[in-house]
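The values are calculated or read from the model by the stated rules, or taken from the named source; none is laboratory data. Quantities reported herein were computed from a predicted structural model and do not represent experimental measurements. Heads up, the Cβs are rebuilt from the backbone with ideal geometry, glycines too, and the neighbour counts pull from every protein chain shown. In case anyone asks, the SASA skips ligands and DNA or RNA and just uses the protein heavy atoms, side chains included. Shrake-Rupley method; radii C 1.70, N 1.55, O 1.52, S 1.80 Å.
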Protein chains: 2
Amino acid sequence: MAYFHSYAHVGIHEEMIKDRVRTETYRAAIMQHQSSITGKVVVDVGCGTGILSIFCAQAGAKRVYAVDASEIAVQANEVVKANNLSDTVIVLHGRVEDVQIDEEVDVIISEWMGYMLLYESMLGSVITARDRWLKPGGLILPSNATLYMAPITHSDRYSESIDFWRNVYGIDMSAMLPLAKQCAFEEPSVETITGENVLTWPHVVKHLDCYTISIHELESVTTRYKFKSMMRAPLHGFAFWFDVEFSGPAVSPTNNHTPSSHVDDNPLDGSQRKKRANPNEALVLSTAPEDPPTHWQQTLIYFYDPIEVEQDQLIEGSVTLSQSKENARFMNIHLEYASGGRSFVKELVMR
Amino acid sequence: MAYFHSYAHVGIHEEMIKDRVRTETYRAAIMQHQSSITGKVVVDVGCGTGILSIFCAQAGAKRVYAVDASEIAVQANEVVKANNLSDTVIVLHGRVEDVQIDEEVDVIISEWMGYMLLYESMLGSVITARDRWLKPGGLILPSNATLYMAPITHSDRYSESIDFWRNVYGIDMSAMLPLAKQCAFEEPSVETITGENVLTWPHVVKHLDCYTISIHELESVTTRYKFKSMMRAPLHGFAFWFDVEFSGPAVSPTNNHTPSSHVDDNPLDGSQRKKRANPNEALVLSTAPEDPPTHWQQTLIYFYDPIEVEQDQLIEGSVTLSQSKENARFMNIHLEYASGGRSFVKELVMR
């Protein structure tokens, strides 16, 4: 049975294209880097309906290889033909590991980000494309990505799903609470919160540089976090979100096109510093709670019960995100928490 | 991965309970029939969290058998215990075919209706319960149900899902149209429309009397329809919805409690006539587009392309709803259409 907005296949692409924050930021990034694209060879990893490939063709690319392993590549090819772009955009239906491109490429563009950045992400394919085809000094869009986390308070959500059972048309259904909490909170939840829900500045879980990251580095990501709550509030759990930055050779301060221009980006703090130092230079696609909502929303990990925290109370622990051994598509999340004399471990599977 | 409001198990019950049209109409119907419930034995078919059973206990039932085959029965039992109703409400975890009740019952209550009334409905279990346990002259709530259909116009929906592809950020993606139409319209779609979308008075696809209907009668339902469009408009397809009526011994005009009081309801038109004649007597739970929305919404069958119809144009054909042989849970829909010299057949599977 179909529900409006949830139907298979095309619906996914419709949702992504209609996410104007996503699609317009990509288009703006392509135009900002037009001097690196005009007359150059581009590969679009996971091209979907081909919209980013066509943006690149419109920006003057000499040739765009649009690669997608799914059936949507057939549609992308039809769209390209209908727009008389077959001479420029070459659709390759297959995995990046398997398709053949007989030249080096100047630019890789890809919209590879999954929920919580890494869940079902296509970053592995971007790395493969980079290592197979990208010229030294070539451009990767986006160039780097940062996954954040922060403690959140969200009483409305908790009331609506959990406290609701305490009084159901006058009947005390509290007996439902344990199961209701389990069903609501045993898995990460994709939903939209606002800046109001966030209790502190975020912590960087992982910053990754698309020019240098290896597939091995993605298998498991661990971070230790330490927050100081900015207010007294019931702590309901943690939110995760990400941003990606479209920097690279064309936006370095000296507009330096040398092959090594990205190498001096320290992946752990360089890009972030550069963004702050030159706020107008690198376009950023943000999925933060304080920014306009996107189809990625935010990913929430709820505790089964809220924890009252005081202003300035320290909240610390660690998070590990790792590929499930049960199913490579799934992501295991191991969360350790300690604050105010309480500590616990929460294990989740994002499936 | 969980999405807010779509998580498994408990979320389904939360959604149904929070449907105030549904739950409050059932409660009102129980109170309206209180004289038939006080001191009597009730069976609640598919009790879920047990809320209707508790309403019946509150209305003075001597004993309520709350039957559910799913794991939720364990929760219902906890809720009953926590409300000190274990002496009155007996939760039976099993199928109506399998559980044992060692007495005749005076009342059957059930919220058995599925999307489009019959999709994944529990009416078969109500029939089984009736034939196993209901006393002659006993009360069934709801007592009868009517499935309606009507031609609809819905340009906004068509534009949003289909015409959208004609201009995607300035790119002509019409090549996506065939697949987009297939993905959007090959299955029935559950969504909320309004009275504005409906082109004519509805046609009764099936009226069924819970006192007399047989399981055999549900295996296949066929109707011939004939509409005269009340306006010139693009016809996008058909909407289906239903209502159920809470009549029976206690609401017959003479307040007649004799065993045969329901027998003179002609299932094909009697109840409808009675409802119109005595509008204040029988409570009706309606899921019609002109009534407040419910979690059932309406079920839409779209054509792949809209058909322009003139005012007073005849639209005729037939619909057959039948259980799928591939999977008993699925419903096959066979729709024949003829109007203005055009005719076609559309086959759908609701899965």
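Observations, loosely collected:
- Checking A:Tyr225 against (1) within 25 Å of A:Pro293 (Cβ to Cβ); (2) of a type in the set (Ser, Thr, Tyr); (3) open to solvent by 10 Å² or more (accessible area, probe 1.4 Å), the condition it does not meet: (3)
- Some residue of the range B:182-189 being of a type in the set (Gly, Ala, Ser), modelled with pLDDT under 95 and surrounded by 20 or more Cβ atoms within 10 Å (Cβ to Cβ): yes
- Taking the numbered list (1) over 30 Å from B:Met116 (Cβ atoms); (2) more than 9 Å from chain B (Cβ to nearest Cβ) in turn, A:Thr23 passes all entries but (2).
- With respect to the conditions (1) at pLDDT below 95; (2) open to solvent by less than 30 Å² (accessible area, probe 1.4 Å); (3) among the aromatic types (Phe, Trp, Tyr), A:Tyr3 lacks only one, and its number is (2).
- Every residue from the range A:167-191 that is at the interface with chain B (Cβ under 7 Å from one of its Cβ atoms), within 15 Å of B:Gly11 (Cβ to Cβ) and in contact (Cβ under 8 Å) with a residue 60 or more places away in the chain: A:Ala184, A:Glu187, A:Ser189, A:Val190, A:Glu191
- Taking the criterion of being open to solvent by less than 30 Å² (accessible area, probe 1.4 Å) and closer than 22 Å to A:Met231 by Cβ, the residues of the range A:294-334 that qualify are A:Gln298, A:Leu300, A:Ile301, A:Tyr302, A:Phe303, A:Ile307, A:Val309, A:Ile315, A:Gly317.
- Taking the numbered list (1) touching a strand residue (DSSP E or B) at 6+ places or on another chain (Cβ under 6 Å); (2) surrounded by fewer than 23 Cβ atoms within 10 Å (Cβ to Cβ) in turn, B:Leu218 passes all entries but (1).
- Counting only residues that are assigned to a loop (DSSP other than H, G, I, E, B), in contact with a Ser or Thr (Cβ under 7 Å, 6 or more places away or on another chain) and either within 14 Å of chain B (Cβ to nearest Cβ) or within 20 Å of A:Met122 (Cα to Cα) (or both), the range A:41-67 holds 3 of them.
- B:Ile30 vs. criteria open to solvent by less than 10 Å² (accessible area, probe 1.4 Å) and outside the structural domain of B:Pro293 (by TED's automatic domain parsing): yes
- Test: residue in the range B:89-96 that is under 23 Å from B:His9 (Cβ atoms), within 12 Å of chain A (Cβ to nearest Cβ), open to solvent by 30 Å² or more (accessible area, probe 1.4 Å) and in a loop (DSSP other than H, G, I, E, B): no
- On the stretch given as the range B:62-86, residues that are open to solvent by 70 Å² or more (accessible area, probe 1.4 Å) and either farther than 20 Å from A:Ser174 by Cβ or touching an Asp or Glu at 6+ places or on another chain (Cβ under 6 Å) (or both) total 1.
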